[in-house]
Structures are given as C-alpha cells and as structure tokens.
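Working notes for the structure below.
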Amino acid sequence: MRRFLRPPLLAVFLSLSLGAPSCFSQSAPAPAPAPAPAPAPVRLTITGDVEHPLSLSLDDLSKMPRTTLKVTNPHEKKDETFEGVALSELLKQAGVPQGAKLKGAAMPTYVIAEAADGYRVIFSLAELDADFQDSGVIVADRMDGKPLNDNAGPLRLVAPHDKRLARWIRMLQSIKVVTVAK
C-alpha cells in the first residue's frame with residue numbers, strides 16, 4: 001500500500017482544511033487605521049481681568065488693524081518683517097484700561113502670554129501702553145509676507161525692542177490679564 005501523505009504533512013493539511021488553529025492559520029486582515037482627527041481651529045484667547053473676554057480666530061485677527069515690524073533677528077543675523085495686530089489693540093478690544101484710564105488701581109496689572117507648549121512670559125500693562133512707552137509688541141501671523149510655519153506659529157508674539165528674544169513667544173495661544181490686589 002502506498003502512502004500519499006506522511007503523518008506530519010497530513011496533520012498540517014487537516015488543520016488547514018478544517019480551520020483548526022495552527023502555526024499556519026491566517027488571521028483576519030487588520031482594520032484600516034482611522035483617519036487622524038482634523039486639527040482644532042487656532043484660537044487666541046484673552047481672559048482674566050478684562051471687560052470682554054475674547055476668543056479670536058486667525059480670520060478674526062486678519063480683519064483687525066494691521067501692524068508691520070521690520071526687525072533684525074539676532075540669532076539668525078538677518079532682517080525679518082512681521083505682520084500682525086498690535087497687542088495694545090487686542091487689549092483695547094478686551095476692555096483693558098489704557099491711556100488716561102491706566103492709573104491708580106490699574107497700575108499693578110500684568111499680562112501673561114502663554115504658548116501651546118506651556119512657555120510663558122510677563123509684561124506689565126504699562127509697558128504695553130503707548131502713553132508710557134512705544135513697545136511695538138504685536139501678535140504676528142505672517143513673516144516676510146508668508147504665514148508663520150508650524151515651528152513658529154501660527155501666532156507669534158514679537159517684542160521688537162527686547163534685546164533678547166526670550167519674550168518672543170512661538171505658538172502663542174493665550175493672553176491673561178491679571179491685576180494685583182492689595
């Protein structure tokens with residue numbers, strides 16, 4: 001009598017044909033990965049001791065009075081042109097005291113600017129007011145005529161008179177106004 005299949009091969013054949021588990025069984029194809037969620041729309045919030053808290057989109061900012069700054073970046077030793085909205089204009093829209101109203105109890109007020117990565121800096125409210133000094137601080141959304149790249153933007157706080165760039169916040173997402181109580 002002739003053997004058609006040897007016993008080990010017969011076991012493999014039977015396990016494959018009968019669907020029994022074996023080292024040769026195939027698993028079901030993996031489901032297709034779910035598409036990545038769309039990124040949340042960019043918003044700049046202005047909160048704290050303000051009359052009118054704001055949540056502004058890039059489109060909202062593009063419709064506000066624009067300011068252009070030409071600065072020399074000391075790190076890269078090159079000239080850059082930033083476009084955006086003056087921080088004082090944004091504070092004005094939020095109802096923060098400015099000009100003649102910035103006196104007395106409003107003087108110990110400061111502004112915390114925070115980036116998406118948690119980096120924060122502080123400005124006194126007086127240093128952002130044109131009646132005290134011309135700081136020229138802007139919330140920029142463009143550099144050299146183009147939208148800011150993902151590494152720097154989409155929003156960047158630019159303080160053109162600072163000798164160091166430590167308060168030039170990349171990926172700006174919020175501004176909080178705080179008045180120090182007695």
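Read-outs: derived from the displayed coordinates by stated rules, not from any lab. Computed from a predicted structure; not experimentally measured. Glycine gets a Cβ as well: all are built from the backbone with ideal geometry, and neighbour counts include every protein chain shown.
The table that follows gives values for the structure above.
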{"read-out": "Part-to-part distance (alpha-carbon centres) for segment 115-182 and segment 69-95, which is given in Å", "value": "8"}
{"read-out": "Sequence-separation-based contact order of segment 39-182, relative, with Cα cut under 8 Å and 6+ spacing, percent", "value": "28"}
{"read-out": "Cβ-based charge dipole, segment 38-150, positive-most Cα from 65, 42, 112", "value": "65"}
{"read-out": "For segment 43-179, Kirkwood radius (reciprocal of mean inverse C-alpha pair distance, Å)", "value": "15.0"}
{"read-out": "Label point at residue 117 placed 7 Å out along Cα→Cβ; residues across segment 73-93 whose backbone nitrogen lies under 11 Å", "value": "none"}
{"read-out": "Residue 51-residue 178 pseudo-label distance in nm [points 7 Å out on the Cα-to-Cβ vector]", "value": "2.4"}
{"read-out": "Charged-residue dipole, Cβ positions (Lys, Arg, Asp, Glu), segment 106-182 about Cα centre, Debye nearest 20", "value": "220"}
{"read-out": "Given charges at beta-carbon only (K, R positive; D, E negative), |dipole| of segment 43-179 in Debye", "value": "160"}
{"read-out": "Segment 76-160: relative contact order as a whole-number percent, Cα under 8 Å and 6+ apart", "value": "33"}
{"read-out": "Point-to-point label distance, residue 66-residue 134, nm (Cα→Cβ direction, 7 Å offset)", "value": "2.2"}
